[in-house]
Amino acid sequence: AQSVTQLDSQVPVFEEAPVELRCNYSSSVSVYLFWYVQYPNQGLQLLLKYLSGSTLVKGINGFEAEFNKSQTSFHLRKPSVHISDTAEYFCAVNLGGYQKVTFGIGTKLQVIP
Amino acid sequence: DAGVIQSPRHEVTEMGQEVTLRCKPISGHDYLFWYRQTMMRGLELLIYFNNNVPIDDSGMPEDRFSAKMPNASFSTLKIQPSEPRDSAVYFCASNGGGRDSPLHFGNGTRLTVT
């Protein structure tokens, strides 16, 4: 079985400050990991993905995530956030080649001017 | 590409009525997924199709829910009869099925059952 835990339901942060959104997963086999972003009244969009190779993955809008196998984590980071980053962020996992993606509960990022 | 297209964007109906949600996936995508999003349960996979064939419907809550994909460019999710607890945002997503293929989501249908 696979599951995803997002440890923070809401994260407030001041504009231009750094942010980290935490994600832990559980799976007994190799996984593919994703971060998606959801803006109000829209569907989810892919931010970045980890399949294999380098553990540091860069995505769109200046976000990056680091895969840590020993800690089963895939935390999302941005060194300096902008007001437009206010959205909900979802960590997701699926087993290699398997189409059933499991999403975390989501973390609401609120950027404060 | 126009992306995944869902209709309607909003649906308000009374308990007991039939509701039909529609989805047009991205052309060329072999997989189509229906998700439901609620505050309490987050994003739940209801059912997914491969080449128009339902592969896994274990997430469909009960017999009141049914989904079809009559061709590669159209799918429906039907609830009959609807209940207030079905109120949620329903998303359709598609992808090409490759190991690195992310999901492409529509903008969702917000369903309110009164």
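The values are calculated or read from the model by the stated rules, or taken from the named source; none is laboratory data. These figures come from a predicted structure and were not determined experimentally. Backbone-built Cβ (ideal geometry, glycine too); neighbour counts: all protein chains shown. Only protein heavy atoms, including side chains, enter the accessible area calculation; ligands, DNA and RNA are left aside. Shrake-Rupley method; radii C 1.70, N 1.55, O 1.52, S 1.80 Å.
Restricting the search to strands (runs of 3 or more DSSP E) fully inside segment A:39-113 and requiring at least 2 residues that are acidic (Asp, Glu) gives A:64-68. Of all the criteria given as (1) free of Cβ contacts under 8 Å to residues at least 24 places away in the same chain; (2) within 14 Å of another protein chain (Cβ to nearest Cβ); (3) open to solvent by less than 70 Å² (accessible area, probe 1.4 Å), the one not satisfied by A:Ile60 is (3). Under the condition of being in contact (Cβ under 8 Å) with a residue 12 or more places away in the chain, within 14 Å of another protein chain (Cβ to nearest Cβ) and either open to solvent by 70 Å² or more (accessible area, probe 1.4 Å) or over 25 Å from B:Val89 (Cα atoms) (or both), the residues counted in segment A:10-51 number 8. Scanning segment B:73-114 for residues that are more than 10 Å from the chain's Cα centre (by Cα), within 13 Å of B:Arg22 (Cα to Cα) and surrounded by fewer than 21 Cβ atoms within 10 Å (Cβ to Cβ) yields B:Ser73, B:Phe74, B:Asn107, B:Arg110.
Listed by first and then second residue, the pairs with beta-carbon distance under 8 Å, at least 6 apart or on different chains, first residue in segment B:92-113 and touching a residue at least 12 places away in the same chain (Cβ under 8 Å), second crowded, with 20+ Cβ neighbours inside 10 Å and acidic (Asp, Glu), are B:Leu111/B:Asp86; B:Val113/B:Asp86. The requirement of being touching a Phe, Trp or Tyr at 6+ places or on another chain (Cβ under 7 Å), of a type in the set (Phe, Trp, Tyr) and either within 9 Å of chain B (Cβ to nearest Cβ) or open to solvent by 50 Å² or more (accessible area, probe 1.4 Å) (or both) is fulfilled somewhere in segment A:85-105, by at least one residue.
Counting only strands (runs of 3 or more DSSP E) that fall entirely inside segment B:8-62 and contain at least 1 residues that are under 10 Å from the mean Cα position of the chain (by Cα), surrounded by 19 or more Cβ atoms within 10 Å (Cβ to Cβ) and of a type in the set (Val, Ile, Thr), the qualifying elements are B:42-50.
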